[in-house]
Amino acid sequence: MSNIVKFARRFLMTEPFFMDGFEYQFVSVEPEDDWAIDITVNVVLPKKGQSYITDRFSYHISTIMETLSDYYGKNIPYNESIYVEGKPVTSKLYISP
């Protein structure tokens, strides 16, 4: 598992990923037992304070992780923690005032 973690850190933490105007910053990649990796992702919104739904973020993260798995040559299971603008997500949906 340590080779996968090292590879994932290099791939994910070197530069942010941009999808549909959102910036995805992988701030932590750690091993989870011997079967997966734990990732912490900070999402920067196109407009500060805008509405969002976390399912969209999870979809984008899964796309990034599929690309990582393709480069590595095998599926890499993961658990995700999502932050928005540096704060932990407390609900799946946020509607701006």
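The values are calculated or read from the model by the stated rules, or taken from the named source; none is laboratory data. Keep in mind that this is a model prediction, so the values were computed, not measured. Glycine gets a Cβ as well: all are built from the backbone with ideal geometry, and neighbour counts include every protein chain shown. These accessible areas exclude ligands, DNA and RNA; they are computed on the full protein's heavy atoms, side chains included. Shrake-Rupley method; radii C 1.70, N 1.55, O 1.52, S 1.80 Å.
Numerical summary
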read-out	value
Sparsely packed trypsin sites (Lys or Arg not before Pro) within the range 32-97, loop by DSSP, other Cβ within 10 Å at most 10	47, 48, 74
Nonlocal amide H pairs with residue 78, under 5 Å, H built at 1.01 Å	37
Whole-percent carbon and sulfur share, accessible surface of the chain, 1.4 Å	51 percent
Where chymotrypsin sites (Phe, Trp or Tyr not before Pro) fall in DSSP loop in the chain, at most 15 other Cβ within 10 Å	35
Solvent-accessible surface ranking, highest first, for 89, 5 at 1.4 angstrom	89, 5
Cβ-based charge dipole, the range 21-72, positive-most Cα from 71, 52, 25	52
CD proxy at 222 nm, helix term only [per DSSP H run n ≥ 4: -39500 (n - 2.57); per residue of the chain; nearest 500]	-10500 deg cm²/dmol
Selection of GluC sites (Glu not before Pro), the range 4-97, meeting DSSP coil and at most 14 other Cβ within 10 Å	85
Nearest 10 degrees, 0 to 90: helix 2-13 Cα axis against the chain principal axis	30 degrees
Average accessible surface area per residue within the range 51-97, 1.4 Å rolling probe, Å²	66 Å²
For the chain, share of DSSP beta bridges that run antiparallel, in % to the nearest 5	70 percent
For residue 95, solvent-accessible area (1.4 Å; no DNA, RNA or ligand), Å²	120 Å²
Cα centre as origin, Lys/Arg/Asp/Glu Cβ charges: the chain dipole, Debye	300 debye
